[in-house]
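Enquirer: First the structure, which I've put down as structure tokens, then a few questions once you've had a look.
Nothing in this text is a laboratory measurement; each read-out follows from the coordinates by a stated rule. Nothing here was measured: the structure is a model prediction, and the numbers come from that model. Here Cβ is always computed from backbone atoms with ideal geometry, including for glycine, and neighbour counts include all displayed protein chains.
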Amino acid sequence: MDNKTIAVVGYGTIGESFAQLFAEQGYKVKVSDVRDDLQTLIDTTNERLGADANTIERADSVEDAVEGAFLVQENGPEKLDFKQEMARIILEANPEAILASSSSALLPSDIARDLPDELAANVLIAHPFNPPRILPLIELVPGDRTSGETMSTAREFYDAIGKVPVTLNREIEGYIANRFQKRILDEAVYLLSEGIASAEDIDRAMKNSLGIRWSVVGPLEAVNQTTPQGFAATVRFIKPSFDMIKDVPSPDYDGEETQRAAEKVAEAYGQTASQESKDQRDLYLQRVAEALEGRK
């Protein structure tokens, strides 16, 4: 197995972006897809690559693509039966490969359900945000039989090519980011359908507030920085305002669930936010705001 060879199975928008990223990082990339225009698409991608990048190669079959690859980035349709069949074909052809599926919500345990333990150990979700060549996040989700070695190797790989990997401790539908996205999109559609605001103003509200803030600090750290007393005090402070939004369910901000969350936030960011962290936040917020100046 060549640790400088990657197979990309499925050459849609996600697969093409991943292939370009891998090639730019110096990997040999072999691509498989059933589409008739595959070679044309590969040629177009290769034209965008710099002089120092490897050329992306077309494989005649999935088996040919995965031969010798240490990692297979699978980007097929979001259909469980399809991904189960792909997992079988890929890992029977190359039992040593890590199979990283770009699924957006499926569980890796379900994808690996019919595989023997030694092959299921190599299966995980590696979910990007589109386009993966540009957006840093990659969510790594283990199945119930995924090995620790597979997870650590995958995290080291994605980190080395400039991604920002996050590892879930256990699988859940939608992982992290798509669960955020669903909640926000649900509310945006509700506000629009109820005539509360226009589509343009709903988007402006996000882009010019939380969108900028969350690009610098996440929702938990942001709350920890809001008051000098940290996360636990802040949620008690905002509780009356949030309680007025009766149609949006929320946890009991005085309850044990929130207290446990506050303890974990304190472990991550300190019981109270440091002045240094707040100064860094303000510096990057200013940079983001300036970079977006003129965008409404």
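Enquirer: Need the C-alpha centroid separation for the range 1-64 versus the range 80-146, integer Å.
Expert: About 18 Å separates the Cα centre of the range 1-64 from the one of the range 80-146.
Enquirer: What GluC sites (Glu not before Pro) in the range 1-57 are in a loop by DSSP, with at most 12 other Cβ atoms within 10 Å of the Cβ?
Expert: Values: sites: Glu16, Glu24, Glu47, Glu57; in loops: none.
Loop-located and lightly packed - none at all.
Enquirer: Follow-up question, since we're still on this one. So what J values fall out for the range 162-173 if you push phi through Karplus, 6.51 cos²θ - 1.76 cosθ + 1.60 with θ = phi - 60°, rounded to Hz, Gly and Pro as x?
Expert: Per-residue couplings from phi come out as x, 7, 10, x, 10, 10, 7, 6, 7, 6, 7, 4 Hz.
Enquirer: With n ≥ 4 as the cut-off for DSSP H runs, can you work out [θ] at 222 nm for the chain, using -39500 (n - 2.57) per run divided by the number of residues, rounded to the nearest 500?
Expert: -14500 deg cm²/dmol
Enquirer: Using 10 Å bins from zero, what percent of all Cα-Cα pairs in the range 152-296 falls into each bin?
Expert: Values per bin, smallest distances first: 9, 27, 40, 22, 2.
Enquirer: What value in Å³ per residue do you get for the convex hull of the alpha-carbon atoms in the range 2-167?
Expert: Considering the Cα atoms of the range 2-167, their hull volume per residue is 95 Å³.
Enquirer: What ranking do 141-148, 256-263, 26-33, 190-197 get when scored by the average of other Cβ atoms within 10 Å per residue, highest first? Present the calculation step by step, with values, prior to reporting the outcome.
Expert: Numbers: 141-148: 19.0, 256-263: 14.0, 26-33: 21.4, 190-197: 11.2.
Output ranking for 141-148, 256-263, 26-33, 190-197: 26-33, 141-148, 256-263, 190-197.
Enquirer: Taking amide H atoms as placed 1.01 Å from N in the peptide plane, list the residues 5 or more away in sequence, or in a different chain, whose amide H sits under 5 Å from that of Val31.
Expert: Result for Val31 returns Val8, Glu57, Arg58, Ala59.
Enquirer: Another one. Please build a GNM for the chain, connecting alpha carbons under 10 Å apart, and tell me which residue among Ala273, Ala126, Ala59 fluctuates the most.
Expert: With Cα springs under 10 Å in the chain, the top fluctuation among Ala273, Ala126, Ala59 is at Ala273.
Enquirer: Still on this structure, I have one more. Give me the one-decimal nm value for the distance between modelled label points at Asp110 and Thr167, 7 Å along each residue's Cα-to-Cβ direction.
Expert: Distance between the two pseudo-spin positions: 2.5 nm.
Enquirer: Do you know the relative contact order of the range 2-167, to the nearest whole percent, from alpha carbon pairs under 8 angstrom that are 6+ apart?
Expert: Numbers: 338 pairs, mean separation 32.3, N = 166.
Relative CO of the range 2-167 lands at 19 percent.
Enquirer: With a ≥ b ≥ c the root eigenvalues of the C-alpha gyration tensor of the range 208-291, is it rounded (a/c under 1.5), prolate (a/b larger than b/c) or oblate?
Expert: It is oblate, given that a/c is not under 1.5 and a/b is not larger than b/c.
Enquirer: Taking Cα extents along the principal axes in Å straight from the coordinates, which label in (i) 47, 45, 36; (ii) 61, 46, 42; (iii) 61, 41, 35 is the correct one?
Expert: Read-out from the structure maps to (ii).
Enquirer: A further question on this structure: Dividing the convex hull volume of the alpha carbon atoms of the range 1-74 by its residue count, what do you get in Å³ per residue?
Expert: Hull volume over Cα atoms, normalised by residue count, gives 68 Å³.
Enquirer: Suppose the Debye formula is applied to equal point scatterers at every Cα of the range 84-160; what is log10 I(q)/I(0) at q = 0.13, 0.17, 0.21, 0.28 Å⁻¹?
Expert: Debye curve over Cα of the range 84-160, log10 I(q)/I(0) at q = 0.13, 0.17, 0.21, 0.28 Å⁻¹: -0.35, -0.60, -0.89, -1.36.
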